[in-house]
Every structure is written in structure tokens, then in C-alpha cells.
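Data first, discussion second: the structure below is written as C-alpha cells.
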Amino acid sequence: MLHARNVAFDWSSLPLHYVDDDALATHLFNVMHLLLPEGEEWFVRTFKEALPLIHDDQLREDVIGFIGQEAMHATAHTQVLDSLTAHGIDVAPYVEQMQFLFGRALGNRSSHGRNSLVERVALIAAVEHLTAFLGDWVLNARELDAVKVDPTMLDLLRWHGAEEVEHRSVAFEVMQYFDVRPIRRLRTYIVIAPTLVWFWTRGVRYLMDQDPTLAALPSKKRRPTIGDFRRVTRRGLFPSAAMLWKASLRYLRSDYHPSQEGSTDQAVQYLAHSPAARAAAQ
């Protein structure tokens, strides 16, 4: 049964560049702390709205577990923002944009009736495919074990990734419950995937520009290039564009199902050994 794990993390000693002392590699992950909390709160609001309309008992239980896990993810990532602020990075402007995006631009359109809800569920199912892909990647990224990565942050990333793999089918099944037509699944993915990549790229550029250790550099030098991104991905410290493209093609296949993405057994095994998850269970 899906359930939220009431994890807690101590960020008092988190270094500014916690991935191998590499600014770009670190900020590629830091975008999650700025982008995901508002998105996950949007997930929670949307699925709470959908819950009364779901009359399948097992699916209802899964949705309740999904809501609890996503709410905990939002809380855990939000807590990292205080550490970024303490290091001299002003996170407020970017976070406020995310609040507008998920709170208003993608909010409830009651005048559109049920279709507004189903459309948001389909968008979330598309996002959940990407988060399951990222979750599976981070669980298997042995390169992160071979370099110096803050252990608490690595646990947060893998705890979150494991739960994304664990509940990877829920949003898809809710979408299918309301609308089995493939056109909505394909259309919403084609809309949301490039949008998220764009916001992620903007977030990395924003963080690099805000990074106080790079302040002496000209603005052009602070802006990462495609070559800089490839340097990080070739080291295995972040998923490559080719990996994302292949993951996208999998979602667009007619026989797609989220169960094909990652391993539940591997996710549950990590959650059984995660320091934060184990502490929450005591």
C-alpha cells in the first residue's frame, strides 16, 4: 500500500556546491527545489478534486497514498530553499513564477467543468512519467556514488526518486479512469514535456547567475552552454538529452504503461535502507 513517509533532513551543513564541488552539476539538481514544490502542491490539489469522482476502491486508496507522498515531497524540497538563501541565492523571484504557473495558469477552471480536471490529470500523468524516469535514473546512477556528493542530499534525491517509481502508475491510471483515448495522453505530453525542459533550463541559468561564487565572472561566462551540460552528463552526473528523448518516445508508444519504467522492487528496497525513511519509520 502506498503511504507517505514522514522524513526529515538536516540542511545546516549543506555546501553550496554539493555535487563534486561543481556549480553546474549542483544547480541542475537545485532547480528541483525551486520548481517541484509548487508543482507537487498542484498535484495534491488536483487529485483531491478528483478523489470524490473515483469509485474504484483500489484506485482511491492509491490516490490517497499518492497525495500523501507528493505533499511530503513538496515539504522536503521547500526546506532546502533556506540553505540556498543562506548561501546568498535569492530564490524568491523564480519561486514566485512557479506559484503563478501552478496556482493560476494551471489552476482549476470551474467554468470548463469536468474537462478541466481531466486535462490537469493528463498533464500530471505526463509529468509523472518524467519523474519516474528521473527516479529510476538516480537510483541507478552509480557515478553519483563515485564522486563527492553530500550524503543527505543524495538520500533526499533517491528517497524522492524511489517514491516516484513506487507510485509511477497512479496518475496514469486516474487519467485512464476518466479518459482512455490516446489523443489526450499524447497531446498533453507534447505540451508539458518541452515546457518543463524550458523551465528547468531557465532555472539553471537563474541559479548560475545568482551563484555568489561566480559573481566575478561576466554574465556570458556564468551562462552554461550546451557543451557545459554535455560535460556534466558525460560524467554521468545528470541524465543526458538523449536519455530524456528516449524516455519521451516510450511514453508516446501505443502500448505504454508506467509499470515499464523502473522497478518497484528496487524502489522499495532503497526505501527500506534510506536513512531518512528508516528514521521516519522508528
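The values are calculated or read from the model by the stated rules, or taken from the named source; none is laboratory data. No experiment lies behind these values; they were computed from the predicted model shown. Note: ideal-geometry Cβ built from the backbone for every residue, glycine included; neighbour counts use all protein chains shown. Ligands, DNA and RNA are excluded from the accessible area calculation, which covers all protein heavy atoms including side chains. Shrake-Rupley method; radii C 1.70, N 1.55, O 1.52, S 1.80 Å.
Rounded to the nearest whole Å², what accessible area per residue is found for the stretch 124-185 with the 1.4 Å probe? Each step should come with its number before you reach the end.
Numbers: 1990 Å² over 62 residues.
Per residue, the stretch 124-185 has an accessible area of 32 Å².
Let me know the shape class of the stretch 103-202, please: from the alpha-carbon gyration tensor, a ≥ b ≥ c as square roots of the eigenvalues, rounded when a/c is under 1.5, otherwise prolate if a/b is greater than b/c, or oblate. Provide the component values of the computation, followed by the final result.
Numbers: a/c = 2.56, a/b = 2.06, b/c = 1.24.
It is prolate, given that a/c is not under 1.5 and a/b is the larger ratio.
Most mobile of D211, D57, D20 per a Gaussian network model of the chain (Cα springs, under 10 Å)?
Per the Cα network of the chain with a 10 Å cutoff, D57 tops the list.
Please check: in the Gaussian network model of the chain (C-alpha springs, under 10 Å), which one of P37, P182, P218 has the largest mean-square fluctuation.
Taking springs between Cα atoms under 10 Å, the residue moving most is P218.
Picking from I54, T213, P275, whose Cα lies most toward the positive end of the charge dipole for the chain (charges on Cβ: Lys, Arg +1; Asp, Glu -1)?
Towards the positive end, the residue furthest out is T213.
Among P151, F199, A86, whose Cα sits farthest toward the positive end of the charge dipole of the chain (+1 at Cβ of Lys/Arg, -1 at Cβ of Asp/Glu, about the Cα centre)?
Most positive-ward Cα: F199.
Taking the Cα atoms of the chain, report the difference between the largest and smallest coordinate on each principal axis, in whole Å and largest first.
Its Cα atoms span 57, 42, 32 Å along the three principal axes.
May I ask for the net charge around T78, where only other residues with Cβ less than 11 Å from the Cβ of T78 are counted and Lys, Arg are +1 while Asp, Glu are -1? Walk me through the numbers on the way to the answer.
Values: positive: none; negative: E38, E40, E41, D82.
Neighbour charge sum, excluding T78 itself: -4.
For every other residue with a beta carbon closer than 13 angstrom to the beta carbon of Y270, add +1 if it is Lys or Arg and -1 if Asp or Glu, then tell me the sum.
Working: positive: R5, R158, R278; negative: D136, D145, D155, E163, E164, E166, D265.
Here the count lands on -4.
Using a Gaussian network model of the chain whose springs link C-alpha atoms within less than 10 Å, name the residue from G88, G113, G39 with the highest mean-square fluctuation.
Evaluated over the chain, the most mobile residue of the options is G113.
On the protein heavy atoms, probe 1.4 angstrom, tell me the percent of accessible surface of the stretch 104-211 carried by carbon and sulfur.
On the way: 2510 of 4370 Å².
Percent of accessible area from carbon and sulfur atoms in the stretch 104-211: 57.
Can you give the net charge of the other residues whose Cβ lies under 13 Å from the Cβ of T233, counting K and R as +1 and D and E as -1?
Working: positive: R230, R231, R234, R235; negative: D22, E143, D228.
Overall, the nearby charge balance is +1.
Going from most exposed to least, what order do E41, E261, E166 have by accessible area with a 1.4 Å probe?
Numbers: E41 70, E261 10, E166 35 Å².
So, going from the largest accessible area down, we get E41, E166, E261.
Only four residue types carry charge here, +1 at the Cβ of Lys and Arg and -1 at the Cβ of Asp and Glu. Report the dipole size of the stretch 156-221 about the Cα centre in Debye, rounded to the nearest 20. Working shown, then result.
Details: 10 positive and 7 negative charges, 81 e Å.
The dipole of the stretch 156-221 has a size of about 380 debye.
Counting only trypsin sites (Lys or Arg not before Pro) that sit in a DSSP loop (anything but H, G, I, E, B) with at most 12 other Cβ atoms within 10 Å, what is the longest stretch of the chain containing none of them? Each step should come with its number before you reach the end.
Details: sites that count: R109, R142, R253.
Value returned for the longest uninterrupted segment is 143-252.
How big is the charge dipole of the stretch 42-92 about its Cα centre, in debye rounded to the nearest 20, if each Lys and Arg gets +1 on its Cβ and each Asp and Glu gets -1 on its Cβ?
In debye, rounded to 20, the stretch 42-92 gives about 120.
Helix-derived [θ] at 222 nm for the chain: sum -39500 (n - 2.57) over DSSP H runs of at least 4, divide by residue count, nearest 500?
Values: 13 runs with 194 residues, N = 282.
Only helices count here, giving -22500 deg cm²/dmol.
For the stretch 1-31 and the stretch 46-83, what is the centre-to-centre distance using only Cα atoms, to the nearest Å?
21
Rounded to the nearest 20 Debye, what is the dipole magnitude of the chain about its Cα centre when Lys and Arg each give +1 and Asp and Glu each give -1 at the C-beta?
For this selection, approximately 1140 debye.
Would you give the gap between the C-alpha center of the stretch 199-215 and the C-alpha center of the stretch 242-282, rounded to a whole Å?
Cα centroid of the stretch 199-215 versus Cα centroid of the stretch 242-282: 28 Å apart.
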